Amino acid sequence: MRTRPLLYGRLTWPEVARTVSEDRVCLIPVATLEDHGHHLPIDADLRIVDEICRRAAEEAPDEIVLLPAISHGYSPHHMDFPGPITIGWETFTRYLVDVGTSLARHGFRRVLYMNGHGSNQNLVEMAARLVTVEHPEVVAAAAFYLSSPEAAEAIEEARESERGGMAHACELETSIYLAIDPDAVDMELAVDERSYPEGQHAWLDWSDGSLKIMPWWSSCSKTGVQGRPTLATAEKGKALMEAAVHECVAYIRELKEKPLGGRRKPQGPSSGGPL
């Protein structure tokens, strides 16, 4: 049955065929399950990105078909903590590619993987690229929420913490979870922890340093936290969620404007003819 917003899993196969003709963007939330301190459930990454995508689909109901979230991702460095489920990087990437190429085979031409777990990001980007390589007629893209210039402004307006205060189970993630499900957050158990070995170019925050170093999480966090969740509020979370939804819809609309891809024969430098 076609719903509003349009949920892929609720369609019949004839409805899927009809949806293809509407040139919608297939929106795929991607995350993981892993430790998020003593105060947040292990589904924090998943719950947040899934909620962002759901609200975006409500805001742009005629432009999006929302797929079920991909709930397990790449988190081997978190496995000293009870709870995480990690998928090997090759398996995870191939799985994402298989989802995208399945959609392409059905006739969908625009795909956005919206990621909510930092260590997934390079793999999600690779998957989007491989979908395009295997199906040049498809525009596939990947993004991490609250990473656009506009979102950076919203983060700076909301935050009270210094650099490093918004890294993991932090001021940002805790605030958003408080905004969407306050009963699931135990702020009495929230503690601040800033133990990542920072340097001039390597640090963890919502926008990490340019030198990328990711040690075993247990080596730099006793509680699973990196940042300052004690500064989190539902009011901040509401503003950040609104910014994330606005960003997601903007990505969708930019993808809608992109010309569908293809392959061409390279041209000679002077004659304009084929090489």
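The values are calculated or read from the model by the stated rules, or taken from the named source; none is laboratory data. In this text, all values refer to a predicted model and were calculated from it rather than measured experimentally. No Cβ is skipped: glycine too gets one built from the backbone with ideal geometry, and neighbour counts run over all protein chains shown. Side chains included, ligands, DNA and RNA excluded: accessible areas come from the protein's heavy atoms. Shrake-Rupley method; radii C 1.70, N 1.55, O 1.52, S 1.80 Å.
Within the range 78-95, residues that are under 23 Å from Ala128 (Cβ atoms) and surrounded by 16 or more Cβ atoms within 10 Å (Cβ to Cβ) have Cβ atoms under 7 Å from residues that are of a type in the set (A, V, I, L, M, F, W, C) and at pLDDT 95 or above in these pairs: Thr86/Met79; Trp89/Leu123; Phe92/Leu123; Thr93/Leu123; Thr93/Met126; Thr93/Ala127, counting only partners at least 6 apart in sequence or on another chain.
Scoring Thr101 on the criteria (1) within 25 Å of Ser147 (Cβ to Cβ); (2) surrounded by 16 or more Cβ atoms within 10 Å (Cβ to Cβ); (3) under 20 Å from the mean Cα position of the chain (by Cα) leaves a single failure, condition (1). Every test in (1) closer than 21 Å to Ser75 by Cβ; (2) among the aromatic types (Phe, Trp, Tyr); (3) modelled with pLDDT of 95 or more is passed by Tyr196 save one, and that test is (3). Scanning the range 156-173 for residues that are open to solvent by less than 10 Å² (accessible area, probe 1.4 Å), closer than 14 Å to Lys236 by Cβ and hydrophobic (A, V, I, L, M, F, W, C) turns up Met166, Cys170, Leu172.
Of the residues making up the range 194-212, at least one is out of contact with any Ser or Thr (no Cβ under 9 Å at 6 or more places or on another chain), over 16 Å from Ala169 (Cα atoms), charged (D, E, K, R) and not in a strand (DSSP E or B). Hey, does the range 202-211 have a residue that's touching a helix residue (DSSP H, G or I) at 6+ places or on another chain (Cβ under 7 Å) and either open to solvent by less than 30 Å² (accessible area, probe 1.4 Å) or at positive phi (or both)? Among the residues of the range 202-211, not one is touching a helix residue (DSSP H, G or I) at 6+ places or on another chain (Cβ under 7 Å) and either open to solvent by less than 30 Å² (accessible area, probe 1.4 Å) or at positive phi (or both), which makes the answer no. Report yes if Asp98 is of a type in the set (Asp, Glu) and in contact (Cβ under 8 Å) with a residue 24 or more places away in the chain, otherwise no. No. Checking each residue in the range 178-192 for being touching a helix residue (DSSP H, G or I) at 6+ places or on another chain (Cβ under 9 Å), under 20 Å from Gly165 (Cβ atoms) and not hydrophobic (A, V, I, L, M, F, W, C) picks out only Asp192. When every residue of the range 222-235 is checked against the conditions, at least one turns out to be open to solvent by less than 10 Å² (accessible area, probe 1.4 Å), assigned to a loop (DSSP other than H, G, I, E, B), more than 27 Å from Arg54 (Cα to Cα) and touching a helix residue (DSSP H, G or I) at 6+ places or on another chain (Cβ under 8 Å).
Remark: pairs (first residue in the range 114-126, more than 16 Å from Gly100 (Cα to Cα) and buried (at least 24 other Cβ atoms within 10 Å of the Cβ); second residue at pLDDT below 95 and among the charged types (D, E, K, R); Cβ separation under 8 Å; 6+ apart in sequence or on different chains) are absent.
Between Ala56, Ala69, Ala60, Ala44, the distinction of being touching a residue at least 40 places away in the same chain (Cβ under 8 Å), open to solvent by less than 40 Å² (accessible area, probe 1.4 Å), touching a helix residue (DSSP H, G or I) at 6+ places or on another chain (Cβ under 7 Å) and over 30 Å from Met187 (Cα atoms) belongs to Ala60 only.
Among strands (runs of 3 or more DSSP E) entirely within the range 73-187, having at least 3 residues that are farther than 30 Å from Glu15 by Cα singles out 166-168. Close Cβ contacts (under 6 Å, 6 or more residues apart or on different chains) running from residues in the range 183-199 that are within 16 Å of Trp217 (Cα to Cα) to residues that are open to solvent by less than 80 Å² (accessible area, probe 1.4 Å) and not in a loop (DSSP other than H, G, I, E, B) comprise Asp192/Thr230; Tyr196/Gln226.
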